[in-house]
Amino acid sequence: MSDPLIIEAADLRKDYGHVEALRGLNLQVPVGSIFGFLGRNGAGKTTTIKVLLGMARPTSGRVRVFDLPADVPEQSVHIRRRTGFVSEEKDLYDSMTVEEIVRFTAAFYPRWRADLEQRYARKFELPPDRKVKALSRGMRTKLALLLALCRGADLLVLDEPTSGLDPAVAEEVLQALVAHVAGEGLTVFFSSHQIAEVDQIADRVAIVDHGRAVAGGLLEDLREGYRRIQLVFDGEAPAPVFQSPGIVRVGREGRVITVLTSSDADRVLDEARLLNPVSVDIVPVSLKEIFLETVTAED
Amino acid sequence: MLWYKSWLETRWRFLIGLALLMCSTAGVILIHPRLMALMPMADTIDPVGELGQRIKESVDLSRTYRGYVWSQLFRQNLTQMGTLFAILLGTGGLFSYSSGGAALFTLSLPASRNRVVGVRAAAGLAEWLVLAFVPSLLIPMLSPAVGEAYGVGDVLAHSLCLFVGGSVFFSLAFLLSTVFPDLWRPMLMACAVAVVLAIAGQAFREISRYGVFGVMSGEDYFRTGALPWLGLVVSVAATTVMLYASALNVARQDF
């Protein structure tokens, strides 16, 4: 039996005037997963998050969070009550102090975790009397994370949580996030274009490009499923015709044919051997390569 | 807590407005004896042209303390400055720079857009209510200091007119703030509308008492003792429509 879903989107479309930000996005995020939402800038990651949280209305399609329709304003309030969110720009009220914005945010959440608030305020060394506008980018990110983590949320939605941070602070933020998730057992949906970061903490991923999910699933399955098959011929490589499903890209250059497959590598191999190559190499593919191959295949 | 956020966003505009309106009111009252001392000189003014007629009208009104207070405060200072501060309190909203560019943070909270807009509008109107009533209440308090008396009932009636009329400008600025993300355009556009209405009021003086500035100054109440009910009702209706339009505009927007 498959895991219950906390986020489900089907054929989700969002147009901004003539710009198609989402073009039939399908997404399934199981409860308890750390879900990395990978994509290039402008791929539709932030738009997806805005639709999930009711900040933008989908043009068409179905989107549910906690099995509630995210496009219905009244239901969206219930979704946000159970969701912690950190925006890419770490939008916070500049005129408030750290202490004020913590108190302000806590007032909206009956399940606010005062114990976690104390712990993260100490861990992140946040000065309670300092104005938000006077915080460094790193401190601002930590404060935004504190405000999201202490809501007693069942779902964390993070939009590029480490963007603009130096590697040390980014690592600190990721470690805090992983430790929190391990302790609290909640679901995390985070967007990023930092492949290493997704590789480090996600157990599931979806790669989005041009407003569509072009690959996704358990990270482990992706790594297992994707294979690069290289065929070398003793003369000019023949024009390849593969019938197997799961072919992502086929390239031919001189004596070499390179096939990238997302599944059924054995079946592709069987087909490839019929072309009589002099050698066949099959190698695993990193997440970075999967990402680059899938998004460039879309261009 | 949304009330607190609205207060933080508008408190300086409100406090500056309160201070200026109170200073202006106190100044007009306390200077009254000196102006009265100059009154015999006013009789020598030859009322030539439009400007001369205006000066003569103002002088004639000032021969009574009630007329002086109305012409200097309710018709001029409080109405003009009140319009400006009603506009200032109405500008800045859910996604303006005054909210620190933190619209997404606000929208991530478990509060509906209607509630966010409603609280912001209510907080601004509450501040405008204070600006409309508190400085005026200085009049009966300070009048004995210059040997005069002014009824609290008159003050409340004029303040009500000021508040209701000024709420039209507040809601206009509020509506424009849901259209434009910056502070300046809503403010300048609302001020431009106010200036146009003021010029129109000067050009067509016979009907100016029925305009929004006529309502704000409470001219009908001053001259007849009756509240300008029609103007008040129309102002309330205009305010309600613009605030409702603001809520609809925010509800349909993508952020």
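Build a GNM of chain A with springs between Cα atoms under 10 Å: which of A:LEU27, A:LEU275, A:LEU222 gets the top mean-square fluctuation?
Of A:LEU27, A:LEU275, A:LEU222, the most mobile in the Gaussian network model is A:LEU275.
Given charges of +1 on the Cβ of Lys and Arg and -1 on the Cβ of Asp and Glu, with all other atoms neutral, how large is the dipole of chain B about its Cα centre, in debye to the nearest 20?
Dipole about the Cα centre, nearest 20: 560 debye.
Hey, which lysines would be in cross-link range of A:LYS90, C-alpha to C-alpha under 21 Å, not counting anything within fewer than 8 residues on its own chain?
Output for A:LYS90: A:LYS45, A:LYS50, A:LYS123, A:LYS131, A:LYS133, A:LYS142, B:LYS5.
Taking the Cα centre of chain A as the origin, how large is its charge dipole in debye, to the nearest 20, when only Lys and Arg (+1) and Asp and Glu (-1) carry charge on their Cβ atoms?
Values: 37 positive and 44 negative charges, 193 e Å.
Value, rounded to 20: 920 debye.
Just order B:18-31, A:276-289 by mean Cβ neighbour count inside 10 Å, highest at the front, would you? Let's see the in-between values first.
Values: B:18-31: 16.9, A:276-289: 13.6.
Taking the mean over residues of other Cβ atoms within 10 Å, the ranking is B:18-31, A:276-289.
Relative contact order for region B:2-252: what percent, with Cα pairs under 8 Å and sequence separation of 6 or more?
RCO, region B:2-252: 25 percent.
Enter the mean number of other protein chain beta carbons within 10 Å of the beta carbon of each residue in B:108-119, as an integer.
Working: counts 18, 10, 12, 4, 6, 5, 1, 1, 0, 0, 0, 0.
What the average comes to for B:108-119 is 5.
Could you give the dipole magnitude of the protein assembly as shown about its Cα centre, charging the beta-carbon of Lys and Arg +1 and that of Asp and Glu -1, in debye to the nearest 20?
1620
When the convex hull of the Cα atoms of region A:1-143 is projected onto a plane and the area is averaged over all directions, what value comes out in nm²?
10.5
Which log10 I(q)/I(0) values does region B:2-252 give at q = 0.07, 0.08, 0.10, 0.13 Å⁻¹ under the Debye formula, counting every alpha carbon as one identical point scatterer?
-0.26, -0.34, -0.52, -0.82
Can you give me the relative contact order of region A:5-221 as a percent, contacts being Cα pairs under 8 Å and 6 or more apart?
Relative contact order of region A:5-221: 30 percent.
Determine ³J(HN,Hα), in whole Hz, for all residues of region A:171-177 in sequence, where each value follows from phi through the Karplus function 6.51 cos²θ - 1.76 cosθ + 1.60 and θ = phi - 60°; x replaces Gly and Pro.
5, 4, 5, 5, 4, 4, 5
So who's got an amide H within less than 5 Å of the one on A:ARG255, skipping anything under 5 residues away but keeping other chains? H placed 1.01 Å off N, in plane.
A:ALA237
Inside 10 Å of the C-beta atoms of A:46-54, what's the mean count of C-beta atoms belonging to other chains?
Numbers: counts 1, 1, 0, 2, 5, 1, 0, 4, 5.
If you average over the peptide's residues, the count of other-chain Cβ atoms is 2.
Taking every alpha carbon pair in region A:153-299, what does the distance histogram look like in 5 angstrom bins from 0, in percent?
Calculated over all Cα pairs of region A:153-299, the distribution is 2, 8, 17, 17, 15, 12, 9, 7, 6, 4, 2, 0, 0 percent.
Between 0 and 90 degrees, rounded to the nearest ten: what's the tilt of helix A:287-297 against the longest Cα principal axis of chain A?
It works out to around 70 degrees.
Restricting to region A:5-221, what percent of DSSP beta bridges are antiparallel, rounded to 5?
55
Assuming a ≥ b ≥ c are the square roots of the Cα gyration tensor eigenvalues, decide whether region B:194-255 counts as rounded (a/c under 1.5), prolate (otherwise, with a/b larger than b/c) or oblate. List each step's numbers first, then the result.
On the way: a/c = 4.51, a/b = 1.99, b/c = 2.27.
Cα axes put region B:194-255 in the oblate bin.
On average, how many beta carbons from a partner chain sit within 10 Å of the beta carbon of a residue in A:9-20?
Values: counts 0, 0, 0, 0, 0, 1, 0, 1, 0, 0, 0, 0.
Per residue, the average neighbour count from other chains is 0.
Determine ³J(HN,Hα), in whole Hz, for all residues of region B:68-75 in sequence, where each value follows from phi through the Karplus function 6.51 cos²θ - 1.76 cosθ + 1.60 and θ = phi - 60°; x replaces Gly and Pro.
Once rounded to whole Hz, the list reads 4, 4, 5, 5, 7, 9, 5, 7.
Tell me, what ³J(HN,Hα) does each residue in region A:42-55 have, in order and in whole Hz, if you take phi through Karplus 6.51 cos²θ - 1.76 cosθ + 1.60 with θ = phi - 60° and put x for Gly and Pro?
Values, residue by residue: x, 6, x, 5, 5, 4, 4, 4, 5, 5, 4, 9, x, 7 Hz.
Once the Cα atoms of helix B:2-30 and of chain B are each reduced to a long axis, what angle between those two axes, in degrees from 0 to 90 to the nearest 10, is obtained?
10
Scan around A:VAL157 for amide H atoms under 5 Å from its own, H built in the peptide plane at 1.01 Å from N, and keep only partners 5 or more places away or cross-chain.
Correct list: A:GLY84, A:PHE85, A:VAL86, A:PHE189.
So for each of B:1-13, B:208-220 I average, over its residues, the number of other beta carbons within 10 Å; can you give me the resulting order with the highest mean first? The partial results should precede the final answer.
Values: B:1-13: 17.5, B:208-220: 22.8.
For the peptides B:1-13, B:208-220, the packing ranking is B:208-220, B:1-13.
Can you give me the C-alpha center-to-center distance between region B:19-93 and region B:104-181, rounded to a whole angstrom?
First find each Cα centre; the distance between them is then 21 Å.
Over the C-alpha atoms of region B:1-134, what are the Rg and the largest Cα-to-Cα span, Dmax, in Å?
Both quantities, over Cα of region B:1-134: 21.0, 69 Å.
Mind jotting down the distance between the C-alpha centroids of region B:221-248 and region A:216-271, whole Å?
A separation of 74 Å, based on Cα centres.
In Å, what is the Rg of the alpha-carbon atoms in the protein assembly as shown, and how long is Dmax?
When restricted to Cα atoms, the protein assembly as shown yields Rg and Dmax of 33.0, 119 Å.
Among A:SER136, A:ALA107, A:GLN200, flag the residue with its Cα farthest along the positive direction of the charge dipole of region A:71-223, charges on Cβ as +1 for Lys/Arg and -1 for Asp/Glu.
A:ALA107
Bear in mind that the values in this text are calculations on the coordinates, not laboratory data. Just so we're clear, the structure is a prediction, and the values are computed from it rather than from any experiment. Ideal geometry is used to build each Cβ from the backbone, glycine not excepted, and the neighbour counts take in all protein chains shown.
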